[in-house]
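Enquirer: Dropping a structure here in structure tokens format, bear with me for questions.
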Ligand code: COS
């Protein structure tokens, strides 16, 4: 049984506690922590559909478009990702992408775009994707090369995007491209592109150590209606960053889920496995590992739910908190999962064992939605600029 004591922390209200308990029952009944590798696309489609059917995707869209809350509640998103990740990395992935691939529309789209795209995302009928990274760069967003040129009532898109999760199975892509209002970051715009838009091809699928739908997309004179612009021309960088401000904390939450599962597996193995006439759990070297794992998990949970609570209750801009949560929790999860593998010895590297799977699942979290190195730049930038707005607002609260 995973540690649930954190649910009594003051970051949460009763709704969050109920959500965590009911999703835990659902995940226990419906999700198997097992191999899906044979038909990843099919498994992913089924997961989106099940998550939608049973109401969990209502947390990915705002209330007016079939969701639960007026705006995305980051604490709920984090609790859901943490719980799903503990049961199935692919279920966490399927859930996370519905939010990441639609939040820019919810935050910056015109009402008719929201009406067209968000209800399907919230019901699971439409699979969403976020297309930012390019073959020549993912970290340096201001250097994106894909172009979108205005031609009458359309934008014409040319270029390529890569590492696109749900590439090939998505119904739409939130796309960032250069519209050229100014050099660098101020010359980017955001759009919604339907997957069947003429001129958009899925060029190749990418296989990774923890398989999920992932592809490179090519745009050749791909025409989309001008009305598919999100926000204003030139707003693309800020739209991408504001979206990542929400979802970076949730990546930390997924890392927490993987880490909690690894700790549970390690404790259970240490209690039953004998060596030198004792259970592994009787050895102080094992105990020291378990103590470090448990402490790091709690530290990461505090950072993740601090970021989520700050976004929900205190400040719109939580760049520093979200980056700290993402960086610390994903690095922590790597260490915790590695320690769990070590406690399992040879069993830890047997294909299909839960900790072997966690070892593969956890690695990409330190890379996607901003590498650890990028998070350090973001945090240092905030510290050097003295941007402590959320902390100040929190201190002012009665
Ligand atoms: N919310 C709203 N606006 C934001 C913002 C945020 N979170 N972050 C930055 N901005 C604004 C800034 O206020 C600034 O606006 P002004 O020029 O009007 O002041 C503008 O955007 C540029 O910001 P900044 O100068 O901080 O940008 P940098 O070029 O220094 O940022 C990094 C560079 C590396 C931090 C950024 O490109 C980044 O996060 N890259 C990683 C992207 C990523 O996660 N890639 C993985 C693909 S997604 S799976």
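Where a number appears in this text, it was derived from the coordinates with a stated rule and is not lab data. Values in this document were obtained by computation on a predicted structure and should not be read as measured data. A quick note on method: Cβ atoms are made from the backbone with ideal geometry, for glycine too, and the neighbour counts reach across all protein chains shown.
Enquirer: Fewest first, what order do 278, 228, 154 take by the number of other Cβ atoms within 10 Å?
Expert: Working: 278 11, 228 23, 154 16.
The fewest-first ordering by Cβ neighbours comes to 278, 154, 228.
Enquirer: Classify region 8-119 as rounded, prolate or oblate from the Cα gyration tensor: take a ≥ b ≥ c as the square roots of its eigenvalues, call it rounded if a/c is under 1.5, otherwise prolate when a/b beats b/c and oblate if not.
Expert: Details: a/c = 2.20, a/b = 1.17, b/c = 1.88.
In terms of gyration-tensor shape, oblate.
Enquirer: Next up: Please identify, among 110, 215, 148, the residue showing maximal mean-square fluctuation in a Gaussian network model of the chain using a 10 angstrom Cα cutoff.
Expert: Fluctuation is largest for 110.
Enquirer: Between residue 284 and residue 372, how high is the FRET efficiency from 1/(1 + (r/R0)^6) when r is the Cβ-Cβ distance and R₀ = 25 Å? Nearest 0.05. Don't skip to the answer; put the middle values down first.
Expert: Numbers: r = 31 Å, r/R0 = 1.25.
Computed FRET efficiency for residue 284 and residue 372 comes out at 0.20.
Enquirer: Spin-label point model (7 Å from Cα, Cβ direction): what's the residue 276 to residue 111 distance in nm?
Expert: Calculated label separation equals 7.2 nm.
Enquirer: Also, quick follow-up: Expressed as a rounded percentage, what relative contact order does region 316-393 have, with Cα pairs under 8 Å and six or more residues apart?
Expert: Numbers: 53 pairs, mean separation 32.1, N = 78.
Once normalised by length, the contact order is 41 percent.
Enquirer: Expressed in nm to one decimal, what extension gain is obtained for the pair residue 140 and residue 380 from 0.36 nm per residue of sequence separation less their Cα-Cα distance?
Expert: On the way: separation 240, 0.36 × 240 = 86.40 nm, distance 1.64 nm.
Roughly 84.8 nm would be gained on extension.
Enquirer: Compute the distance from the alpha-carbon center of region 32-99 to that of region 153-218, in whole Å.
Expert: For region 32-99 versus region 153-218, the Cα centre distance is 22 Å.
Enquirer: For residue 70, put the label point 7 Å out on the Cα→Cβ axis and report which residues of region 311-331 keep their amide N under 13 Å from it.
Expert: 313
Enquirer: A follow-up question, please. With an 8 Å Cα cut-off and a minimum separation of 6 or more residues, compute the relative contact order for the chain in percent.
Expert: Details: 754 pairs, mean separation 59.2, N = 398.
This gives 15 percent for the chain.
Enquirer: Residue separation times 0.36 nm, minus the C-alpha to C-alpha distance between residue 292 and residue 4: what's the value? Don't skip to the answer; put the middle values down first.
Expert: Values: separation 288, 0.36 × 288 = 103.68 nm, distance 1.81 nm.
Length gained, residue 292 through residue 4: 101.9 nm.
Enquirer: A further question on this structure: Which residue fluctuates the most in the chain, going by a Gaussian network model with Cα springs under 10 Å, if the choices are 101, 184, 167?
Expert: For the chain, modelled as a Gaussian network with Cα springs under 10 Å, the answer is 184.
Enquirer: Rounded to the nearest 0.05, what FRET efficiency do residue 13 and residue 63 have when you use their Cβ-Cβ distance and R0 = 22 Å? List each step's numbers first, then the result.
Expert: Working: r = 17 Å, r/R0 = 0.77.
So the FRET efficiency works out to roughly 0.85.
Enquirer: Only Cα pairs within less than 10 Å get springs; with that Gaussian network setup on the chain, which residue of 323, 25, 60 has the largest fluctuation?
Expert: So, out of 323, 25, 60, the one fluctuating most is 25.
Enquirer: Suppose each label sits 7 Å from its Cα in the direction of the beta carbon; what would the residue 317-residue 39 distance come out to in nanometres?
Expert: 4.8 nm
Enquirer: Moving on to the next point. Taking all pairs of different Cα atoms in the chain, averaging 1/r and flipping that mean, what Kirkwood radius in angstroms comes out?
Expert: Working: mean 1/r = 0.0464 Å⁻¹.
Across the chain, the inverse of the average 1/r is 21.6 Å.
Enquirer: Something else: Would you mind checking region 221-262 for residues with the amide N under 11 Å from a putative spin-label position 7 Å along Cα→C-beta of residue 181?
Expert: 230-239
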